[in-house]
Amino acid sequence: MITDELENELRSVFARSAESIAIPQQARRRLLQRDYHPKTVNRRLAAGLAAAAIAAAGIAVPLTAGGGSQPATAGPVMRLASYTFRLPAGYKLAAATSPPCHAFVVTALPASLVPPHGPVAQNPPHDAGMKAAASASGGCILAVLAPPYTPTTAMPDPEAPAAAHPVRVGRYHGAIIHSRIFVTDIRNRRQAARHGITPGWSSFTQLYVQLPAGGGKMRDLVIGAKQLSDSALIQIAANGLSS
Amino acid sequence: MQRVTGTASKRRFEAFAADAADALFRTGCLMTGDAGEAEDLVQETFIQVARRWHRVAAMDHPVAYARRILINLALDGARRRSRQRAELEPHGGQPELADESAARALQAIDDLAEFRWALARLPPRERAVLVLRYWADLPVAEVAATLGCSAGTVKSTASRGAARLAQILTKNQPPAGQPTTPASSREGTP
């Protein structure tokens, strides 16, 4: 049995030795400049639930509204974790993988990642999951809580794009950004066609709200809108977070 | 959306890599005694972490997970090298130094490069146990889980490794002309 004295000496000499090792600047640059292509989806989970895989990566929420700004408190209620969001009139709760929401979630993945069958029910993708609602005019709301993270001074919110503008969402900090995406790409065009999705550009607004997750960590509620004003979107989020 | 997903995830990975690079490099140096090899280990570790980033990002301690990968890569590399080497250094036999003498030998270290040179002479598994237990300061159970062995094995390996380390420091000196710092980096600075 190793004695306490020897253990203490070992700790001391290891600490001193490690302190004397500095990573050379050029080596550090070489290591950090390389593009490691971090994977954003779990291939097994992606089998059958593309939306959930996107949720795990903390993807934003496209919302295709019926047109123009709408009252934020006239429609159905969407529950996400312990939060309750009142949606605009004309929306009905729907599966994220059903039309029209699937246009955003299925096309975000290469076809090879989405086989026709998958044990989705046995593999819940995320504790909070993803919620969706759709309107008869083809609108869609997808709501997701991103995984917890530890904010740093350099990166207070790693989920939100750097170009997002800070906003206040009730008593929480948030960031909002207007994005334009191509809803399908060359790799999954065949799959998109199978689901009746026409490739094309789509503009939407994303809202990231930083929520405390305990233990010094934060997590983002990510929500967005198309053809919905920033203020209406923020109101939906703020009302839901204060409920 | 794919672009948006990739951007957020990539930024999180980059932040992780920037945070973890120093600690992983130091662990790599302690495991190999060579800055170039340490850099290769850190790079391979980042590659492997990136492959599993969708899971690693949600972990409480992604750096600990990365360190585990690095240690196992270092052990794999050591095994490969030892298979390739024609002449193996004699690692067999039990070290003779008692704990008290070993502690004295460690206390007497004033050249940390000499310590790293001696550490590099240990069998890889003993080195890994000492690095994880006394540099990473992991509990015995966690070292055992990382290396896939029992807690008893960790304790006995740590004891044997510490004694052997002290014995090397007491009886041997680095050969003349052999670098005693973690080998020169690729740009030629120590």
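The values are calculated or read from the model by the stated rules, or taken from the named source; none is laboratory data. If you're wondering where the values come from, they're calculated on a predicted model, not measured in any experiment. Reconstructed Cβ throughout: ideal geometry from the backbone, glycine too, with neighbour counts over all protein chains shown.
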- So which of B:20, B:38, B:8 is in a helix (DSSP H, G or I) and modelled with pLDDT under 90? B:8
- Find the strands (runs of 3 or more DSSP E) located wholly in the range A:12-96 whose residues include 2 or more that are more than 26 Å from residue B:19 (Cβ to Cβ) and modelled with pLDDT under 85, and list them. A:91-94
- Task: Within the range A:1-11, work out how many residues are surrounded by 15 or more Cβ atoms within 10 Å (Cβ to Cβ) and either in a loop (DSSP other than H, G, I, E, B) or acidic (Asp, Glu) (or both).
- Result: 5
